[in-house]
Every structure is written in structure tokens, then in C-alpha cells.
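Undergrad: Before I ask anything, let me first share the structure, which is written out below as C-alpha cells.
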Amino acid sequence: MLPFVAALAGSIFIQIGTNLSNDYSDARRGADTEERLGPVRVTAGGLMPPRHVLVGTYVAFAVAVAAGLYLAAVAGWELLVVGVASILAGVLYTGGPRPYGYEGLGELFVFVFFGIVAVVGSYYVQTEELRWEAFALAVPVGLLSSAILVVNNVRDIDTDRRAGKRTLAVRLGRERARRLFMAMIVLSFAAPVATFALGGLTAWLLVTLAAVPLAVPLIQTVSSRSDGPALNAALAGTGRLLAVFSLLLSAGVLLS
């Protein structure tokens with residue numbers, strides 16, 4: 001039980017630290033202007049002094065490190081490497097001399113760290129073994145996590161382009177980025193079906209299909225050339241889909 005709690009705490013505080021770090025870095029680089037269509041951000045909106053945002057970042061990462069030290073003690077030093085890599089990936093998304101989020105690599109890193117690393121790592125700290133099913137079921141979680149970023153970047157494509165932020169949506173163009181979002185959603189639901197078909201776990205994995213009604217309106221909204229507030233709603237809806245899908249996936253695994 002304690003490894004589960006530590007893995008949960010570590011992942012949550014890495015996410016918090018990453019968000020605060022990105023908020024601070026984007027404000028410094030001028031990416032968050034008054035023209036931005038999304039919700040007001042803490043640093044650029046003047047809701048909190050930059051120094052306080054940085055302190056919050058350090059505190060969040062410190063909690064994550066503490067959780068990582070415990071996990072390393074019970075499951076091996078490799079977890080420290082994973083934790084350090086996760087924190088660096090969070091900070092360097094919009095920070096550092098060459099932020100990879102400004103070069104169109106954000107979705108790839110989100111897929112790796114919020115999908116493969118998060119799911120397989122969480123499985124490993126509790127079982128101390130690696131199975132192909134863990135990697136297979138990390139795929140849909142990573143795809144849905146990346147889909148959240150795709151919606152965000154489609155919404156911000158014009159302001160990002162003016163700020164010199166060459167996100168994947170800027171590189172692909174708005175229409176191809178919309179099609180990428182749809183493909184991510186479809187493949188997310190196909191992954192558990194394929195895992196079951198290949199002999200991984202049982203038909204309980206198909207319970208994830210119960211989340212399809214949440215996905216349909218998101219695809220319709222993003223593919224309908226909607227912008228601004230509509231994409232804000234799609235952004236929140238994609239986060240909701242990820243949460244529901246992950247809960248259903250967890251239930252399917254536990255019941256298998």
C-alpha cells in the first residue's frame with residue numbers, strides 16, 4: 001500500500017511542479033499575453049509574484065523527491081533515475097536554453113512520461129516486475145494525456161506562432177493537428193481491445209469502451225473548426241475523459 005501512495009504522491013507533485021515551472025517560464029518568455037484564449041495563468045496574470053511561483057515549484061519537486069527516495073529504497077535505485085528524468089522533463093518543457101515544448105516535442109514527451117513512465121513505473125514499484133501488458137496499457141493513457149496538449153496547442157496556435165513557440169500544432173497546421181487529436185482518441189480505445197485480443201488479461205479490459213460517449217462530442221468539437229471557448233471546453237472534457245478512462249482501465253485490470 002505504501003509504494004502505491006508514494007507513487008501517487010510523487011506523480012501528483014511532479015505534475016504540480018511542472019505546471020508551476022511552465023507557468024513561470026512561459027511568462028518570462030512572453031508566451032502568455034493578453035491575447036491568450038485560455039484561462040488566466042498565475043505568473044503572467046499577476047496573481048502571484050514570480051518568486052512565489054518558483055518557491056512553489058521547488059516545494060512541489062521536493063515532495064516528489066522525498067517520495068522517490070522512498071520508492072528507490074523499496075524497489076531499487078532505478079526509480080531515482082526515473083524520478084530525476086521526470087523532473088528534468090517537466091522543467092525543460094518551457095525552461096532552459098532550448099525548451100523542447102517550443103520545438104514541437106511536447107506531445108512526444110507527454111506520451112513518454114505521462115503514459116509509459118507513469119503507468120509502467122507505477123506497476124513496477126508495486127510488483128517489482130515488468131510485463132508487456134503494462135507497456136501496452138500505458139499507450140492509451142499516454143495518448144489521451146498527449147491529446148490534452150494537442151487541444152491546448154490548437155487553441156493557442158496563433159499566439160504561440162507570434163511568440164515563436166513552434167508547438168506541434170504550429171508545425172503541423174491547425175487542420176492536421178485536429179486530425180491528430182482524433183487519431184489519438186480512436187487509438188486510445190483500440191489499445192485495450194488489442195491488448196485483450198493478443199491474450200493480455202481478460203475481457204474486463206473492454207469496460208474502457210464505456211467512456212466512448214465522452215469521446216464522441218470531443219471529436220465533434222475539435223473537428224468542427226471550433227476555437228476559443230469551445231476548445232477550452234474540449235480541453236476540460238479531454239481531461240475528464242482521461243480520468244474516467246483511467247479509472248475504467250484500472251477497474252478492468254483489477255477484475256481480470
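Undergrad: Quick test for you: out of Leu168, Leu231, Leu242, pick the one residue that is touching an Asp or Glu at 6+ places or on another chain (Cβ under 8 Å), of a type outside the set (Val, Ile, Thr), under 28 Å from Pro99 (Cβ atoms) and crowded, with 18+ Cβ neighbours inside 10 Å.
TA: Numbers: Leu231 fails: touching an Asp or Glu at 6+ places or on another chain (Cβ under 8 Å); Leu242 fails: touching an Asp or Glu at 6+ places or on another chain (Cβ under 8 Å).
The unique qualifying residue is Leu168.
Per-residue answers, yes or no, for (1) over 23 Å from Ser224 (Cβ atoms); (2) among the charged types (D, E, K, R); (3) touching a residue at least 24 places away in the same chain (Cβ under 8 Å):
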{"site": "Thr127", "(1), (2), (3)": "yes, no, no"}
{"site": "Ala136", "(1), (2), (3)": "yes, no, yes"}
{"site": "Pro140", "(1), (2), (3)": "yes, no, yes"}
{"site": "Leu144", "(1), (2), (3)": "no, no, yes"}
{"site": "Leu149", "(1), (2), (3)": "no, no, yes"}
{"site": "Asp156", "(1), (2), (3)": "no, yes, yes"}
{"site": "Lys165", "(1), (2), (3)": "yes, yes, yes"}
{"site": "Ile185", "(1), (2), (3)": "no, no, yes"}
{"site": "Pro192", "(1), (2), (3)": "yes, no, yes"}
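Undergrad: Confirm whether Ala134 is out of contact with any strand residue (DSSP E or B) (no Cβ under 9 Å at 6 or more places or on another chain) and under 20 Å from Leu241 (Cβ atoms).
TA: When the stated conditions are applied, Ala134 does not pass them.
Undergrad: Does the stretch 58-78 include one or more residues that are assigned to a helix (DSSP H, G or I) and closer than 30 Å to Pro217 by Cβ? Before the answer, list the steps.
TA: Filtering the stretch 58-78 down to residues assigned to a helix (DSSP H, G or I) leaves 58-75, 78.
Filter once more, so that each one left must be closer than 30 Å to Pro217 by Cβ: none.
No, there is no match, as no residue in the stretch 58-78 is assigned to a helix (DSSP H, G or I) and closer than 30 Å to Pro217 by Cβ.
Undergrad: (1) at pLDDT 90 or above; (2) within 30 Å of Ala203 (Cα to Cα): which one isn't true of Val125, the others all being true?
TA: Among (1) at pLDDT 90 or above; (2) within 30 Å of Ala203 (Cα to Cα), the lone unmet condition for Val125 is (1).
Undergrad: Right, here's the next one. Which one of these does Gly90 not meet: (1) under 17 Å from the mean Cα position of the chain (by Cα); (2) of a type outside the set (Asp, Glu); (3) part of a loop (DSSP other than H, G, I, E, B)?
TA: (3)
Undergrad: Taking the residues in the stretch 145-165 that are at pLDDT 90 or above and closer than 14 Å to Asp26 by Cβ as candidates, determine which candidate is least open to solvent (accessible area, probe 1.4 Å).
TA: Asn153
Undergrad: Here's another thing I want to ask about it. Inside the stretch 106-131, can you point out the residues that are open to solvent by 50 Å² or more (accessible area, probe 1.4 Å), acidic (Asp, Glu) and over 13 Å from Leu79 (Cβ atoms)?
TA: Hit for the stretch 106-131 is Glu129, nothing else.
The values are calculated or read from the model by the stated rules, or taken from the named source; none is laboratory data. Owing to the predicted nature of the structure, the values given are computational and were not obtained by experimental measurement. Backbone-built Cβ (ideal geometry, glycine too); neighbour counts: all protein chains shown. Only protein heavy atoms, including side chains, enter the accessible area calculation; ligands, DNA and RNA are left aside. Shrake-Rupley method; radii C 1.70, N 1.55, O 1.52, S 1.80 Å.
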